[in-house]
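Novice: Questions regarding the structure given below will be posed in turn.
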Amino acid sequence: MELIPKLPVAEWISDATDWLTDTFEFLFDFVKNDFGDFIEFFAESLLMQIPIWLFIAVVAVLAFFVSKKRIGLPVFVIFGLWFIQNQELWEELMNTFTLVIFASLISVIIGVPFGIWMAKNKVVETLLTPVLDFMQTMPAFVYLIPAVAFFSIGMVPGVFASVIFATPPTVRFTNLGIRQVSHELIEASDAFGTTGAQKLFKVQLPMAKKTIMAGINQTVMLALSMVVIASMIGAKGLGQTVITGLQRADVGTGFVAGLGIVILAIIIDRFTQNLNTQRGDQS
Amino acid sequence: MPVVQVKNLSKIFGKNSKKATRLLDEGLSKDEILKKTGNTVGVNRASFDVEEGEIFVIMGLSGSGKSTLVRLVNRLIEPTEGSVLIDGKDLATMDSKSLREVRREKLSMVFQRFGLFPHRTVLENAEFGLEVQGMDKEERKKKAQKSLELVGLGDYVNQYPGQLSGGMQQRVGLARALANDPEVLLMDEAFSALDPLIRKEMQDELLELQESMKKTILFITHDLDEALRIGDRIALMKDGRIVQIGTPEEILVNPANDYVEKFVQDVDRSKVLTAENIMKRPETVDIEKHGPRTALERMRKEGLSSIYVTDAKRRLYGYVTADDVSEATKEEVKDLKDILRTEVPKVDKTTSMHEIFNIIHDTAVPIAVMEDEKLVGIIVRGAVIAALAGNEVNINGIDS
């Protein structure tokens, strides 16, 4: 045991991160500045400019149609959002919502193609599976460190850390969904002379839609769970209020902000679940 | 030229198939090769031709390699050896682009568990092959609709497969395959998942459709009755090998080996055998040349109680009984016409045994078997029973 000195793994990682930071500075700067500006614009100049009553009304109407004209979800939306507004947390909610939306969108844009690639290629699946395990089991806090190194503090590193943590379910479920398509349907598709792309878009993806949507739902929930952690590196929103409560040992403030996150989580979860229907499904 | 020509087609599953191929050449059995190399022999040098417009049935029990064989024909499974010629072009060595074209234009497949896309409506399912070819929307809709009407589902276009019964789903499968207007239809146990009554109905419908379509059909089944019912020719498979190819009659009447014989012994022969198979050469008297005396003599010699009366061209006039004839000889009647009985039980030589049962039940005289108004044979009760028992079938009655 004594023969091998302590391996300088930590130094290697730090060196690699430094090298990345220096080498891709132009890219990171571009993302940090332009993407950062865009996120800020989206949250402050778009979402926050919408009158609160109009926002609540629109979401409630959407909820009504999304939940197949049932009344439960719209009622919850109205009371939940009204409560957040009543607690003077509306700006924080909009910031958190922005963070979740961008992190989820990027996760899906990255995750679905990787999932497809995994499903089509055995080698890729073997290589990616441990990487995905790693991404999900590594404590999420760890991602904050390189995120700060690359993008300093603010919303952008928050989105970055969230994306790393939230992408795996989309990749996994896309892969699973495509692989679950029955052998006979793949044979039927091949027998009619489909190209790889035709098979993917006409058979595999439509058939896997339900599973992929379940993965996306997971991704969104994980992105939401990163809200508090990301606020430690300056991502604005409800998470920041929770952290403030923690620092000041102010149970009430922390709890109310936490409740806001729960309300947002429930609304997003019900929306994505209700949108997950498949044509030709027998109910 | 045959539409489909399969030559020495083999499939060996597993790694290192070369060694297994060599062992096949040495004549080792499927089990021995599995023991020696760990490879499974799916299909062992199958060769057959399918002629244009015929229904060629590949029949075997599970594990006999029949499903593998049909998948080798459209190359859903890569063959290890051998060739599959469709219109003279070898599919086995074709590049993927040409293979796609052949699958789009010449081959269609119907699957055991239907293989319908649950997220597409019945019409969209039927359109699938045409859509893949890049046909424009209106045109493919029209063709798919027509094809669905052909199988009697014209009113169900907007349903989803999950809303239909098994029989209807398979009609959609058939419509989807026919919409492409393929030269060859591959049907993999297409009716096996259906319950017996629906299965029979579908078989009848397929035969009816085939009357007008005249497609070349390669039909896979494990059900011998089905094979005998719809097949123009049947290939029997065992352990990946084709053991016999022939018409239903040839297989029943002339089994190539013990396996086939054992296989066919439980068949309901009454559905397959025809009058021709069980008739005997008739004893007759000539209405112009012979009188009652000759008739009596012949009957006595052969131990008959009646005899058919024809003319020189074997046109049937009727029969005379032994009693009538002996009476006639006593009363010095000279002409057979005076004692002729004309109520003759007649069947065509292609009549199935099934129908013969009813006739033979009601008649005291042997049944006359006819071809173009001529007497070609007679059927006695004993022959029917013997044929059902599976022996003493008179294959000399077959003209070939």
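Any read-out appearing in this document is the output of simple, stated calculations on the displayed coordinates, not a laboratory observation. Please read all numbers here as calculations on a predicted model, not as lab measurements. No Cβ is skipped: glycine too gets one built from the backbone with ideal geometry, and neighbour counts run over all protein chains shown.
Novice: Any lysines with Cα under 24 Å of the B:Lys30 Cα? List them, leaving off those in the same chain fewer than 8 positions away.
Specialist: B:Lys7, B:Lys11, B:Lys15, B:Lys18, B:Lys19, B:Lys66, B:Lys238, B:Lys262
Novice: Can you pull out the trypsin sites (Lys or Arg not before Pro) in segment A:204-261 that DSSP calls coil and that have at most 14 other Cβ atoms within 10 Å? Each step should come with its number before you reach the end.
Specialist: Working: sites: A:Lys209, A:Lys210, A:Lys236, A:Arg248; in loops: A:Lys236, A:Arg248.
For trypsin sites (Lys or Arg not before Pro) across segment A:204-261 that sit outside H, G, I, E and B with at most 14 neighbouring Cβ atoms in 10 Å, the list reads A:Arg248.
Novice: Given a 10 angstrom Cα cut-off, can you work out which residue in B:Lys137, B:Lys200, B:Lys346 is the most mobile in a GNM of chain B?
Specialist: The residue with the greatest mean-square fluctuation here is B:Lys137.
Novice: Okay, next question. Given a cut-off of under 8 Å on Cα pairs at least six residues apart, what relative contact order in percent is computed for chain B?
Specialist: Working: 743 pairs, mean separation 61.3, N = 400.
Computed over chain B, the figure is 15 percent.
Novice: Apply the Karplus parameterisation 6.51 cos²θ - 1.76 cosθ + 1.60, with θ equal to phi minus 60°, to every residue of segment B:329-340 and state each ³J(HN,Hα) to the nearest whole Hz, in sequence, with x for glycine and proline.
Specialist: Karplus-based 3J(HN,Hα) across segment B:329-340 equals 5, 5, 8, 6, 6, 9, 9, 5, 4, 6, 10, 5 Hz.
Novice: Could you please state, rounded to a whole Å, how far the C-alpha centre of segment B:187-259 is from the C-alpha centre of segment B:60-138?
Specialist: 20
Novice: Computed over the Cα atoms of segment A:1-135, what is the convex hull's projected area averaged over all directions, in nm²? Please list the in-between numbers first.
Specialist: Values: hull surface 59.9 nm².
It is 15.0 nm².
Novice: Scan segment B:305-349 for GluC sites (Glu not before Pro) in coil per DSSP, keeping those whose Cβ has at most 11 other Cβ atoms within 10 Å, and list them by number. Spell out each step's value before the answer.
Specialist: On the way: sites: B:Glu327, B:Glu331, B:Glu332, B:Glu343; in loops: B:Glu331, B:Glu332, B:Glu343.
For GluC sites (Glu not before Pro) across segment B:305-349 that sit outside H, G, I, E and B with at most 11 neighbouring Cβ atoms in 10 Å, the list reads B:Glu331, B:Glu332, B:Glu343.
Novice: Helix B:292-302 versus the longest principal axis of chain B: what is the Cα-based angle in degrees, 0 to 90, to the nearest 10?
Specialist: Result, in degrees: 50.
Novice: Suppose only helical runs count, i.e. DSSP H with n ≥ 4. What mean residue ellipticity at 222 nm does that imply for chain B under -39500 (n - 2.57) per run, divided by all residues and rounded to the nearest 500 deg cm²/dmol? Please list the in-between numbers first.
Specialist: Working: 16 runs with 156 residues, N = 400.
Taken over chain B, the calculation gives -11500 deg cm²/dmol.
Novice: Around B:Leu304, under 15 Å between beta carbons, what's the net of Lys plus Arg minus Asp minus Glu among the other residues?
Specialist: Net charge in that neighbourhood comes out at +2.
Novice: Further question on the same structure: Using only C-alpha atoms and all pairs of different ones, pull out the Kirkwood radius for segment A:144-283 in Å with one decimal.
Specialist: 17.5
Novice: Could you give the distance between the Cα centres of segment A:205-283 and segment A:57-111, to the whole Å?
Specialist: Using only Cα atoms, the two centres lie 10 Å from each other.
Novice: Okay, moving on. Helix B:96-105 versus the longest principal axis of chain B: what angle, 0 to 90°, nearest 10, using Cα atoms?
Specialist: Here the helix axis deviates by roughly 40 degrees.
Novice: Whole-Hz Karplus ³J(HN,Hα) for segment A:151-161, in order, using 6.51 cos²θ - 1.76 cosθ + 1.60 and θ = phi - 60°, x for Gly and Pro?
Specialist: 10, 6, 10, x, 5, 4, x, x, 4, 4, 4
Novice: Another question, then. Straight-line reach from B:Lys143: which lysines have Cα under 21 Å away, leaving out those fewer than 8 places along the same chain?
Specialist: Partners found: A:Lys202, B:Lys106, B:Lys214, B:Lys215.
Novice: Take chain B, connect every pair of alpha-carbon atoms lying under 10 Å apart with a spring to form a Gaussian network, then pick out the residue of B:Leu148, B:Leu164, B:Leu174 with the largest mean-square fluctuation.
Specialist: Checking each option, the largest mean-square fluctuation is seen for B:Leu164.
Novice: I need the calculated FRET efficiency for the pair B:Phe357 and B:Ser165, taking r as the beta carbon distance and R₀ as 41 Å, to the nearest 0.05.
Specialist: Details: r = 34 Å, r/R0 = 0.82.
With R0 = 41 Å, the Cβ-Cβ based efficiency is 0.75.
Novice: Now, a different point. Apply the Karplus parameterisation 6.51 cos²θ - 1.76 cosθ + 1.60, with θ equal to phi minus 60°, to every residue of segment B:308-323 and state each ³J(HN,Hα) to the nearest whole Hz, in sequence, with x for glycine and proline.
Specialist: Residue by residue, segment B:308-323 yields 7, 10, 10, 9, 4, 8, 6, 6, 7, 9, x, 9, 10, 9, 4, 4 Hz.
Novice: By the scheme Lys and Arg +1, Asp and Glu -1, what is the net charge of all other residues having a beta-carbon under 11 Å from that of A:Lys209?
Specialist: Values: positive: A:Lys210, A:Arg279; negative: A:Asp281.
Net charge around A:Lys209: +1.
Novice: Taking Cα pairs under 8 Å and at least six residues apart, what relative contact order does segment A:40-197 come out at, in percent? Walk me through the intermediate numbers first.
Specialist: Values: 108 pairs, mean separation 37.7, N = 158.
After rounding, I find 24 percent.
Novice: With everything on Cα atoms, drop me the angle between helix B:353-362 and the longest principal axis of chain B, reported from 0 to 90° to the nearest 10.
Specialist: With rounding to tens, the tilt is 30 degrees.
Novice: Which residue, A:Arg172, A:Arg70, A:Arg270, tops the fluctuation ranking in a GNM of chain A built on C-alpha contacts under 10 Å?
Specialist: Answer for the Gaussian network model of chain A: A:Arg70.
Novice: Ok, one more. Could you work out the local net charge near B:His222, counting Lys and Arg as +1, Asp and Glu as -1, over the other residues with Cβ closer than 15 Å to its Cβ? Intermediate values should be presented prior to the final figure.
Specialist: On the way: positive: B:Lys66, B:Arg113, B:Arg199, B:Arg229, B:Lys238; negative: B:Asp188, B:Glu189, B:Asp223, B:Asp225, B:Glu226, B:Asp239, B:Asp266.
Within the 15 Å Cβ shell, the charges total -2.
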